[in-house]
1. Which of the strands (runs of 3 or more DSSP E) found entirely inside region 94-213 contain at least 2 residues meeting this: within 18 Å of the chain's Cα centre (by Cα)?
2. Looking at S84, S68, which is the one that is small (G, A, S), crowded, with 16+ Cβ neighbours inside 10 Å, modelled with pLDDT of 95 or more and on the phi < 0 side of the Ramachandran plot?
3. If A229 passes every condition in (1) surrounded by fewer than 24 Cβ atoms within 10 Å (Cβ to Cβ); (2) of a type in the set (G, A, S); (3) in the same structural domain as L13 (by TED's automatic domain parsing) but one, which one does it miss?
4. Tally time: how many residues in region 87-122 are on the phi > 0 side of the Ramachandran plot and either free of Cβ contacts under 8 Å to residues at least 12 places away in the same chain or charged (D, E, K, R) (or both)?
5. Within region 17-40, which residues are in a loop (DSSP other than H, G, I, E, B) and free of Cβ contacts under 8 Å to residues at least 60 places away in the same chain?
6. What pairs can you find where one residue is in region 245-264 and at negative phi, the other is aromatic (F, W, Y) and at pLDDT 95 or above, and their Cβ atoms are less than 8 Å apart, with a gap of 6+ or different chains?
7. Hey, can you tell me all the residues within region 232-264 that are crowded, with 17+ Cβ neighbours inside 10 Å, out of contact with any strand residue (DSSP E or B) (no Cβ under 7 Å at 6 or more places or on another chain) and farther than 23 Å from A22 by Cα?
8. Being without any contact (Cβ under 8 Å) to a residue 24 or more places away in the chain and of a type in the set (A, V, I, L, M, F, W, C) is the requirement here; does L125 meet it?
Amino acid sequence: MIKLIALDLDNTLLSEDNTIPADVLSLLRKCIQHEITIVIATGRLLYSALKYAEEISPACKILCYNGSLITQPDGSELFSATLSTDIMKKIVIFCKERNLYCQFYKDHKILVEKITEGTTIDPDLLNTEAIEVHDFNNYEFQPSPKAMIVVKPEELQHLQNELSQFLGNCVYLAQSQSYLIEIMPAGINKANSLALLCKKLGISPDEVMACGDNTNDAEMIKWAGTGVAVSNSVDSLKAAADYVCRNKRSAGVAEAIKKFCFYN
């Protein structure tokens, strides 16, 4: 029996216009009425996650920054982790050597040297603001829950391998889009944070359904008793999933809920 549903946002729960369709919202609210906990499990920052959680229900819980932060529906913190300032400085060095755009986060705002296309394509910018600091070399960093690098899709795997060697075992790397490398503290991913939340709630992995589309969802999909990949998922996630939907994005989420939570 499914007692908790963990949902990625971009390219999973959200339609292409960054909205949750009305019929899917209705289905999620039905789940909550049947005492199924809904968790937004996203790489996005807190304010974006809160926006969609509030739209679903006051009971919706939040796991954001790919697991670096877990909160109650009101935003109160249950767990947090951050990248050290030393690691952040190393990320800056890596990006400057390769002329790559990178961003960090401060007080749930986007932290950049300069607002560029790399900033404006980030959907989080619709729900927060960007802070320009002009030169990261002369900036006094505070620990950040995540960092993000924008790359050309054809260079992503090569650059991620280089970054992994450069930073070593002190970070976790993943993608939520074909042009992004996301950097979290070591040991932080959606699965580990979801496991922590479920332990607090008294829910076992076999009572969890998790839905996603990209590599930052992989551990969560494998950990959950029912791991679901929507049909627009990357091939590696489909291979890891227990069930691959016929439908894309939110329609796929609805398909999985009807199949595994409401058998009629």
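The values are calculated or read from the model by the stated rules, or taken from the named source; none is laboratory data. These figures come from a predicted structure and were not determined experimentally. Glycine gets a Cβ as well: all are built from the backbone with ideal geometry, and neighbour counts include every protein chain shown.
1. Details: elements: 101-106, 109-112, 130-132, 147-150, 171-174, 180-185, 208-212.
In region 94-213, the matching strands (runs of 3 or more DSSP E) lie at 101-106, 109-112, 147-150, 171-174, 180-185, 208-212.
2. One residue alone meets the criteria, S68.
3. (1)
4. The initial filter retains those residues of region 87-122 that are on the phi > 0 side of the Ramachandran plot, namely 99, 107-108.
Filter once more, so that each one left must be either free of Cβ contacts under 8 Å to residues at least 12 places away in the same chain or charged (D, E, K, R) (or both): 99, 107.
Qualifying residue count for the region: 2.
5. Step one: list which residues in region 17-40 are in a loop (DSSP other than H, G, I, E, B), which gives 17-21, 34-36.
Listed by number, the residues that qualify are D17, T19, E35.
6. As it stands, the answer is A256/Y243; K259/Y243; F260/Y243, since those pairs meet every condition given.
7. The one that is crowded, with 17+ Cβ neighbours inside 10 Å, out of contact with any strand residue (DSSP E or B) (no Cβ under 7 Å at 6 or more places or on another chain) and farther than 23 Å from A22 by Cα: V234.
8. yes
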